[in-house]
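Engineer: Structure incoming, see below.
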Amino acid sequence: MPDLAPFTATILVVDDTPAKLYILSSWLRRAGYAVVEASGGLEALQRIGEVSPDLVVLDVRLPDLSGYEVCERIKSDPATASIPVIQISGAAITAADRALGLHRGADGYLAEPIEPDEFVATVKAALRYHRARQRAERLAGRLRALTDLTLEMNAAQTFDELLSIAASGTCRILDRHAGVVALAPDGRTRRLTAGPPDAAAVTRTAPPAALETLGEQALGQQLGTELLTIPYAYWSEVAPDTPARRDIVAVMSRTKRDRPPVLLGLEPHPPLDEDEASMLRQLGQAVALAVEALRAYAEEHAIALTLQRSLLPSRVPQVAGLDIAWRYQPAVDNVEVGGDFYEVLELDGKVLFAVGDVQGHSLLAATVMAELRHALRASLIGKIELDQSLALLNDVLRRYHRRMTATVCLMLLDPATGEAQIANAGHIPPLLLDGEGEDDGAARYHEKFGNLLLGVAEEVYRIDRVRVPPGGAVLMFTDGLVEDRDKYLDDSLEIARQAASAISGDVNEAADRLIAAFGAREDDVALVIVRRHR
């Protein structure tokens with residue numbers, strides 16, 4: 001390892017003898033070090049707090065505190081414990097004296113008389129050790145910070161949140177202005193920058209061509225992480241609001257073929273050392289992996305939602321005398337498709353409304369859901385008997401999907417008279433509104449909870465008859481609307497009942513208000529609202 005360059009270290013020399021203090025300081029200055037002097041133990045402790053020296057040369061015999069005690073105080077303070085201490089003495093020179101000094105914290109012990117070359121060589125050796133320890137501690141701290149940053153990025157819920165965490169975290173770890181540029185799933189290029197001391201990320205604009213051009217230059221179509229320097233003349237045209245007014249050192253990372261790369265850049269002053277360059281590469285790789293994971297999640301979520309919607313009715317018929325609203329809201333954090341469904345069918349002057357929920361979130365649940373919808377439609381060709389339709393659906397599950405269950409509620413409504421039949425297989429009862437809509441008593445759950453859910457056992461399904469008055473309405477929904485881990489189901493059902501009581505005006509607005517009343521859901525939600533005209 002090469003010698004330390006002049007003035008790269010500051011050394012505190014402590015001795016109460018002026019001549020000795022002068023000689024030791026002179027040797028160190030000629031070797032190229034900056035020297036700070038103290039003539040006593042208390043003064044030495046004060047100077048350490050003021051200048052934070054890289055090394056202390058400490059006489060054992062001092063007028064106020066002994067060198068042993070001063071050394072112990074230095075080593076007992078976490079802020080100064082890593083500072084190397086070399087003790088010197090012309091009186092305490094026995095093996096026991098030297099051992100005592102080392103036991104009480106000294107990193108080296110020299111007995112006088114001392115040769116200048118030996119003294120300077122000992123100082124250099126101690127500083128080499130100190131520098132290596134500082135480097136190791138700094139690297140360990142940065143690696144811990146990198147681990148924490150990676151966990152934080154992987155927990156990000158949105159693309160902008162992820163990039164904000166990446167820019168701010170990189171700024172904190174390497175203590176300089178940092179920025180990240182990436183192509184979001186919506187097709188727009190995002191650029192976020194952060195700078196010390198607060199490291200708060202700021203969203204800025206960036207043209208897509210910048211990322212594409214630099215990606216081609218650094219990586220081509222290959223995978224990996226490449227370190228590059230972006231000339232200021234080029235970047236100032238691409239992003240004139242960049243804080244740094246000089247070239248930018250950056251890494252370009254791509255973790256999957258045919259994907260746009262991610263750019264992580266830094267202010268290059270002061271120049272990056274070998275450890276910082278390596279850390280920048282690791283940061284770039286971590287950001288690229290997190291971006292790719294979130295991008296893949298967004299794509300899978302979009303595919304799942306498209307598939308789910310393709311299995312649901314593409315339209316709902318417009319029926320004279322009725323206002324009909326329907327909603328399907330997928331779970332916020334679920335990539336897989338679910339088994340919730342709704343159906344509205346015109347049948348010989350009447351209208352059938354259905355909501356159902358097949359257990360689970362998977363492609364199988366969605367497939368079974370579609371199968372039940374088609375079986376329901378087939379059962380209504382010819383004679384319409386709701387109890388027989390549910391019996392058929394029950395047989396389908398028990399015969400072809402023996403480990404699956406489902407809940408389904410059917411209502412057959414005559415728009416002209418308001419007469420309705422309800423058949424329920426284990427589903428939440430529909431909410432019936434009397435048409436007033438001005439007090440909590442205006443909405444009530446159908447009092448009969450129906451029969452056993454589908455897929456469990458052979459069952460005879462009952463048909464209940466109700467009447468929907470002019471201006472009255474019926475609300476049918478799946479349990480995803482009201483189920484919460486931290487709330488009793490009865491409490492959520494009451495919230496839904498009170499919200500339904502306020503249904504008035506446009507039924508589509510009422511459906512939106514009902515969804516908004518419960519907020520983001522952990523399960524899919526399907527609902528249908530039907531209201532008779534007055």
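Taken together, the values in this text are just the output of simple stated rules run on the coordinates, not laboratory data. Treat the numbers as computed from the prediction; the structure is a model and nothing was measured. We place every Cβ from the backbone using ideal geometry, glycine too, and count neighbours over all the protein chains shown.
Engineer: So if a site counts as exposed when it's one of the GluC sites (Glu not before Pro), its DSSP state isn't H, G, I, E or B, and it has at most 12 other Cβ atoms within 10 Å, what's the longest stretch of the chain without one?
Structural biologist: 1-437
Engineer: So if the hydrodynamic radius of region 10-138 is defined as the Kirkwood radius over C-alpha pairs, what does Stokes-Einstein give as its diffusion coefficient at 20 °C and 1.002 mPa s, in µm² per second?
Structural biologist: 149
Engineer: Using Cα centres only, tell me the gap between region 117-179 and region 461-534 in whole Å.
Structural biologist: So the separation of the two Cα centres works out to 54 Å.
Engineer: Excluding same-chain residues fewer than 8 positions from Lys350, which aspartates and glutamates have a Cα within less than 12 Å of its Cα?
Structural biologist: Asp414, Glu419
Engineer: Something else now. So which lysines can Lys20 reach, going by Cα to Cα under 29 Å and dropping same-chain residues fewer than 8 places off?
Structural biologist: Lys75, Lys124
Engineer: If exposed means no more than 12 neighbouring beta carbons inside 10 Å and the site is in a DSSP loop, what's the longest run of the chain without any exposed chymotrypsin sites (Phe, Trp or Tyr not before Pro)?
Structural biologist: Result for the longest clean stretch: 8-448.
Engineer: Also: Just to check, using Stokes-Einstein with a Kirkwood Rh over alpha carbon pairs, what's the diffusion coefficient of region 312-532 at 37 °C and 0.692 mPa s in µm²/s?
Structural biologist: Taking Rh from Cα pairs, D becomes 189 µm²/s.
Engineer: Check cross-link reach from Lys256 to the lysines: straight Cα distance under 24 Å, and skip same-chain residues fewer than eight apart.
Structural biologist: Here the lysines satisfying the reach criterion relative to Lys256 do not exist.
Engineer: Take the alpha carbon atoms of the chain, find their radius of gyration, then divide it by 2.2 N^0.38 Å using N residues; give the quotient.
Structural biologist: Normalised by 2.2 N^0.38 Å, the Cα Rg of the chain equals 1.57.
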